[in-house]
Amino acid sequence: MTIERIAADHEHVRAATDDPVEGAVTITIDRPEARNALDGTVRRELKALCAAIDDPDGEEDVRVVVLTGSDESGAFVAGADVEDLRDRNYREQRRASERPRVYEAVADLRQPVVARINGHALGGGCELAQACDVRIAHEDATLGQPEIGLGLIPGGGATQRLPRLVGEGQAMRLILTGELIDAAEAAEIGLVDEVCEEGEFDDRVSDLAGSIAEKSPVALEHAKRAVRAGSRMGLDDGIEYEAELFAGLFATGTPQEGIDAFLEDRDPEWNER
């Protein structure tokens, strides 16, 4: 079943293939009445789409994923649905926290994931953005981890991913105060990678997705795995893992095609899936 057909049965999560460029899939969370808050339905639908996209036997050749919120919502994801949390007991929350959750579903995709942060990315929404590989924010976006104000701590990975992105001190500041920051400050501390003005935002996301999508799918997967390993391994182990992945590419034929195309001054033809 195609990705778009799966999404057609969803209530709050849409998918468009070859959007914004060929080889890309744009996933849009669309729950405007709740500013795209992550309730059970959104989580299930997003995980189902990630599984379809990640399927190596799937019908589509997906090389990059763009994750965003609907513009009508005015938000990327405004957080978890707090009404879902209100009446949970310990056992229910432990069950809800079992992995893989939606954050791992996004982070563990074979394909690179670009977060198109078009508005508020708060709490679980900020954690969802952190699970992506590259974060492009609209100049009017707001980000933060306000859970402490509810007597909670981040529960979707921010205590681990945020320090790796911005450093321990900045992560402590955001998590312990619940302070919200604008896109400019988020870029300054490394929480987002780029900030774009209104007229440049979609063009930049499209350009970035296109630059990734034109590359070898196998090389993209290997590169993502190698970089991700850097935050999970010591330096020597990480370098050894990189060497294994680098050598492994030569069993796929990908470097041979890339090098031949370079020497022959032509575009490479990536036929692998």
- Item | Antiparallel bridges, percent of DSSP beta bridges restricted to the chain (to nearest 5) | 25
- Query: When a footprinting reagent is the concern and you count Cβ atoms within 10 Å, what order do Phe201, Phe250 take, fewest first?
  - Reply: Phe250, Phe201
- Item | Positive-end residue, the chain charge dipole about Cα centroid, Cβ charges, pick of Asn36, Val25, Thr254 | Asn36
- Looking at the square roots a ≥ b ≥ c of the eigenvalues of the Cα gyration tensor of the range 87-147, which shape do they give, rounded for a/c under 1.5, prolate if a/b is larger than b/c, or oblate? oblate
- Ranked by how many other beta carbons lie within 10 Å on average, peptides 223-234, 105-116, 31-42 from highest: 105-116, 31-42, 223-234
- Task: Work out the length of the dipole vector of the chain about its Cα centre, built from +1 on the beta-carbon of each Lys and Arg and -1 on the beta-carbon of each Asp and Glu, and round it to the nearest 20 debye.
- Result: 1480
- Note on the structure: For the range 217-263 (alpha-carbon point model, no solvent) the Debye-based log₁₀ I(q)/I(0) at q = 0.15 Å⁻¹ works out to -0.42
- Note on the structure: Among [x] 21; [y] 25; [z] 30, the value of percent of Cα pairs over 30 Å apart computed for this structure carries the label [z]
- Query: Based on the Kirkwood radius over alpha-carbon pairs, what value in µm²/s does the Stokes-Einstein equation return for the translational diffusion coefficient of the range 155-273 at 37 °C and 0.692 mPa s?
  - Reply: 187
- Percentage relative contact order, the chain, counting C-alpha pairs under 8 Å, at least six apart: 16
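Throughout, read-outs are computed from the coordinates displayed, never taken from laboratory work. For clarity, every value in this text was computed on a predicted model and none was experimentally measured. Please note: Cβ atoms are built from the backbone with ideal geometry, for glycine as well, and neighbour counts cover all protein chains shown.
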